[in-house]
Amino acid sequence: MLSLKTGALDHSHKFTKHIARVNGERILAGLLTVTNENGEIRTCHLVTTTGHSQSVLVLSELSHSLERYGHDQPNVLFTDNVAGDWNLLESVFHSSLRKDVVRIEDYAHLEELKIPAGISIAMKNTISLACQTIMDNLAEKELVIGDMLADSRLPLQLRVFLENPRFLKVGRLINANLKNLQSLLHSPNPFLGAVDLAKLAKQRCVLDKIKTASLASLVARVLHKRLNKNEQITYMALDAYASLCIYEILNSLRPPAQVLESTNLEAGTPVLLRSSDNKSIIASGNIGEAPPQVPIWGDPLLISLPRRLFAKHYKAKASQPKSAVHSVFATQVFVGSLLVPDGVRLYYAQVYPYLMYGSEVVVDVSKKDVDAMEGIQTSYLRRLNGVGPRVASGPLHALAGVMDLELRRVISALNQGQYALNQHDNHFAKQAMRGSIADYHEFGS
């Protein structure tokens, strides 16, 4: 039998699309395949579900097969769902996959969350007694608790507790837990008072995405602590204690409000800028001090700037079209040599936009910066015409009907200047253009 020192497992759904359909519906979910380090199929099984209930049967039999024929258990297994398959694989191949492996705990750089010495963990014999203790100690203020587990048959005290909105049930995914419990028990009354910590954190702008947020990640982000899964009773107590602490901190934060034109914001007020769909935060910061009032068209402020102010821009734009040039000429493998007219069309579609980017607003003042991009154009034309690097560029421009890049960029800048001067007198573009011309005449080049 084949060995399996290093393996990979995957569920394929293409094969089962074409077999075993009943009334048009598939009854087989996929084909579970495990391959070894040589790419050989070690096992291949049709499964009715991609869940672990059938995968564990296949993998367990695979482990027994390796042992039966004297092969070592796998040291490494690859899967496209590491987080979901990790526990399954370690439970089947625990002796080999865990050997000499030191697990790195999440948030290992943070201090461990511990219950303070002044808080004791009280164990109650029944859920009814625990709920009665909570309700007996409830004052007029709200009482917030962590996640709770309950038996399928609810005592009266627990049912009253879950239906009472005054008792805030705080936790991660607590809404789904309460709905599932209500559905399981066929309760006619809804279970109220759920507060999902991840949703609350997003409302307070502590989180941006809540789908991947776990209680451990919230503990790290809000409390700056590490939530360890230790002994069961201690972990359950930490779960409730952490939920309470996170809720208190998040609830103390002021939720953001929409800024209206009439809103008077003081310096230091935190602000957020959201996208148009209000789903993501684009920028954040604080309102600064009011700038001094200076006339726009007052005395000019002389600032010493480097002559090649946009050198990084030119360098970046000279490097980007190189891949486009390679892509254009790579097509010759499939279509043969490019005709000059076709190559010119591809030049204007793939290369030209990079070379002209920003020419309408940034005037070329340094020939060194333009030469780098002009070299891309000349190299393209020489390659298109099949000539060497010593051939002059002038005839190539004439044959292809492509204007010299330096001249084309000057024309683009002049067209933009003409556009600005043709606007009405109050147009910002015209005012800026006139100001630049006036500064040039007053201070020279």
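The values are calculated or read from the model by the stated rules, or taken from the named source; none is laboratory data. Just so we're clear, the structure is a prediction, and the values are computed from it rather than from any experiment. We place every Cβ from the backbone using ideal geometry, glycine too, and count neighbours over all the protein chains shown. Ligands, DNA and RNA are stripped out before the accessible areas are found, and what is left, the full protein with its side chains, is counted by its heavy atoms. Shrake-Rupley method; radii C 1.70, N 1.55, O 1.52, S 1.80 Å.
From the mean inverse distance of alpha carbon pairs (Kirkwood) and the Cα radius of gyration, derive Rg over Rh for the chain.
1.12
Which aspartates and glutamates does Lys317 reach when only Cα atoms under 19 Å apart count, and residues fewer than 8 places away in its own chain are ignored?
Glu360, Asp364, Asp369, Asp371, Glu374, Asp404, Glu406
Per-residue ellipticity at 222 nm for the chain, helices alone: DSSP H runs ≥ 4 residues times -39500 (n - 2.57), over residue total, nearest 500 deg cm²/dmol?
Estimated from H runs of four or more residues: -12500 deg cm²/dmol.
For Thr48, Thr378, write out the residues from largest to smallest accessible area, computed with a 1.4 angstrom probe and no ligands counted. Numbers along the way, then the final one.
Numbers: Thr48 80, Thr378 20 Å².
Output order, biggest surface exposure first: Thr48, Thr378.
Per residue, how much accessible surface does the chain expose to a 1.4 Å probe? Answer in Å², no decimals.
Per residue, the chain has an accessible area of 67 Å².
Keeping all protein chains in the complex and leaving out DNA, RNA and ligands, what accessible area do you get for Cys205 with a 1.4 Å probe, in Å² to the nearest 10?
Here the residue's solvent-accessible area equals roughly 40 Å².
Roll a 1.4 Å probe over the protein heavy atoms and report the accessible area of Arg434 in Å², nearest 10.
130 Å²
So which aspartates and glutamates can Lys229 reach, going by Cα to Cα under 17 Å and dropping same-chain residues fewer than 8 places off?
Straight-line reach from Lys229, under 17 Å: Glu105, Asp106, Glu111, Glu112, Asp147, Asp239.
Leaving ligands, DNA and RNA out of it, work out the accessible area of Tyr380 with a 1.4 Å probe and give it in Å² to the nearest 10.
For Tyr380, solvent-accessible area is about 0 Å².
Could you name the lysines whose alpha carbon sits less than 29 Å from that of Lys279, not counting residues in the same chain fewer than 8 places away?
In chain and number order, the partners are Lys169, Lys179, Lys199, Lys202, Lys209, Lys211, Lys225.
From the protein chains alone at 1.4 Å, what is the descending order of accessible area for Glu37, Glu266, largest first?
These residues rank, largest area first, as Glu266, Glu37.
Taking K and R as +1 and D and E as -1, what net charge do the other residues with C-beta under 14 Å from the C-beta of Val340 add up to?
+2
Within the chain, what whole-number % of the accessible surface is contributed by carbon and sulfur, with the 1.4 Å probe and all protein chains included in the calculation?
Carbon and sulfur atoms account for 55 percent of the accessible area of the chain.
Quick check: net charge around Ala108, other residues with Cβ under 14 Å of its Cβ, Lys/Arg +1 and Asp/Glu -1?
So the environment of Ala108 carries a net charge of 0.
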